[in-house]
Amino acid sequence: QMTLVESGGGLVQAGGSLRLSCAASGRTFTDYAMGWFRQVPGKEREFVSAIAWGGTRSYSADSVKARFTISRDNAKNTVELQMNNLKPEDTAVYYCVADRGYGGTASKDYEFWGQGTQVIVSA
């Protein structure tokens with residue numbers, strides 16, 4: 001079992017920034033690809049960004065890659081998502097995810113999910 005706890009969500013005006021963080025425990029953190037998904041009520045979960053075990057390879061959805069940056073600190077067992085120039089369409093619950101394998105861009109690619117943190121961007 002791996003436990004993931006997100007924090008850093010909140011209410012922000014369009015054009016502003018937020019930094020989400022995720023603390024992991026219960027497994028060897030460096031063995032896992034880590035990532036972020038988001039979900040709007042009534043919609044499917046959407047891939048946001050992911051980062052490989054060593055932190056040297058990452059990829060993001062086209063809708064956010066110019067504005068969001070994912071990073072990880074293996075010494076602290078944390079992963080972060082820096083979100084800049086936020087838009088109203090970024091409003092969602094953001095979930096931290098982990099995969100013992102190679103990660104991916106589909107929800108089914110990830111084994112462990114956090115409880116989520118709410119991000120609201122006002123127009």
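The values are calculated or read from the model by the stated rules, or taken from the named source; none is laboratory data. The shown structure was predicted, so the numbers you read here are calculated from the model rather than taken from an experiment. Virtual Cβ from ideal backbone geometry, glycine too; neighbours counted across all protein chains shown. With ligands, DNA and RNA removed, areas are computed over all heavy atoms of the protein, side chains included. Shrake-Rupley method; radii C 1.70, N 1.55, O 1.52, S 1.80 Å.
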#### Entry: R0 of 35 Å, Cβ-Cβ distance Asp109-Gln13: FRET efficiency to nearest 0.05
0.55
### Task
Evaluate the relative contact order of the chain (contact order divided by residue number), counting alpha-carbon pairs under 8 angstrom at least 6 apart; express in whole percent.
35 percent
#### Entry: Whole-angstrom Cα spans of the chain along principal axes, big to small
41, 28, 23
### Task
Show Asp90, Asp62 ordered by accessible area, largest first, where the area counts protein heavy atoms only and the probe is 1.4 Å.
Asp62, Asp90
### Task
In a Gaussian network model over the chain where Cα atoms closer than 10 Å are linked, find which of Val97, Val48, Val64 has the largest mean-square fluctuation.
Val64
### Summary
With all protein chains present, the chain has a carbon and sulfur share of its accessible area (1.4 Å probe) in percent of 49 percent
### Query
Which of the lysines could a cross-linker span from Lys108 if the Cα-Cα distance has to be under 26 Å and same-chain partners fewer than 8 positions apart are dropped?
Lys43, Lys65
## Note on the structure
SASA check, Tyr110, accessible area w/ 1.4 Å probe, all protein chains in place, rounded to nearest 10 Å², comes out at 10 Å²
### Summary
Per principal axis, largest first, the Cα atoms of segment 64-117 extend in Å by 32, 27, 21
### Query
Residues of the chain: accessible area per residue at 1.4 Å, in Å²?
51 Å²
### Query
Out of Phe47, Ala98, Ala123, whose Cα points farthest toward the positive end of the dipole of the chain (charges: +1 Lys, Arg; -1 Asp, Glu; placed on Cβ)?
Ala123
